[in-house]
Amino acid sequence: TKAEAAARRPTRRQLAAAVAGGWSKYKDSLPFWSPNPTRRAQQEAWFEEVAAFAEQAGVDGMLYPWLGEWCDDDASDYDEEYLPCHREDVLFDLDSNGRRPTAAELAPLAWPHSCWWHDRDRIVLLYMHMLDNPPDGSFLWEARVCEQVHALWSDGRDSPRTSISYVRQGRLEGARPASTRAEAEAMREEGMRMAFSDGALPGGEDIPGAAFVVGRAVTAPRRLMTHQCFEDEAAPGWRMLSSLPSCPNPHMRFPMSSSLREIVSRGGEPLKPLLPRTACKCGQRIGERRGEAYDADDSESDSEERREEIPVEPRACILCLSEDWGS
């Protein structure tokens, strides 16, 4: 009967809550994926605020339009999730770009929202994803944004709460070498893919003289993190963006565990550095002088203002870079 059909029809509250996970059961529900003009206006207003934060974070410093992706499809470090190695590259592009928020700008924000600069790279990539997939007024659009957020904030970690998924990696099996892209394209058969040779083989070995390799993609089992998995995470960038008054759906916010609420009640705690200092190929730690001890306390880059964030340096020391320039 009509009454029974109406009783089975999901409510708007159920649809709104589903964007954080479990929306597949509503994929055939017209109200879930169909555009709504009023909701689109809300999403666009939020998108404009996200854009403002991305511009402050230095999105104009990106080397090329990534469309929200963190690595090339044919890169040896390809992964469906934003890994620390990808983060190093993106932060390198953003280095010296953007404008760090002032104390006056951060004053109205509580912890962890006040630490949003710590996630500036993720905010930039999320904005670029939204730029390539603009708001359409549907709950499905919000669900896709949440999926992108899970990938950006997970660091590739597994969650014991979720079932196993198989994620494609950049490494290849049965790889054959090719000296040019055209040669690699000609060798590629159905079900095979091409990648740069550097690190694309299992074990990371290289093939001398090969610029590309062609083979079958390696997949890895992973328990992908979902919304509930972030309840203990500070995730300042996303918690700040999803708490903006313009955010169209409060269910997009990460949940907060009792332990995290306790930390918030104490005024927060220092966040871990974005990335460890990287070492040069010669073994020299970036920031050290050869044959001379490096005292982090005397470094301007490790002053109180910069203590929470260690800047990403080129992955070669200045002497090695000089040698490369001279060769």
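The values are calculated or read from the model by the stated rules, or taken from the named source; none is laboratory data. Quantities reported herein were computed from a predicted structural model and do not represent experimental measurements. Note that we place each Cβ from the backbone using ideal geometry, even for glycine, and neighbour counts take in every protein chain shown. What goes into the accessible areas is simple: the full protein's heavy atoms, side chains included, and nothing from ligands, DNA or RNA. Shrake-Rupley method; radii C 1.70, N 1.55, O 1.52, S 1.80 Å.
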Problem set entry | Exposure ranking of D89, D158 by accessible area [1.4 Å probe, largest first] | D158, D89
Exercise. Heavy-atom accessible area of L30 with all protein chains present, probe 1.4 Å, nearest 10 Å²?
Worked result: 100
For this session: Give me the net charge of Q43's neighbourhood, meaning all other residues with Cβ under 12 Å from the Cβ of Q43; Lys, Arg count +1, Asp, Glu -1.
Result: -2
For this session: Just subtract the alpha-carbon distance of S257 and S24 from 0.36 nm times their residue separation and send over the number in nm, one decimal.
Result: 81.3 nm
For this session: Please give the length that would be gained between D60 and R181 if that part of the chain were fully extended, namely 0.36 nm times their separation in residues minus their C-alpha to C-alpha distance (nm, one decimal).
Result: 40.6 nm
Exercise. Separation between the L244 and T11 pseudo-spin-labels, each 7 Å from Cα along Cα→Cβ, expressed in nm?
Worked result: 2.9
Exercise. Given the Cα-Cα distance of R223 and A107 and 0.36 nm per residue of separation, how much length would full extension add, in nm?
Worked result: 38.0 nm
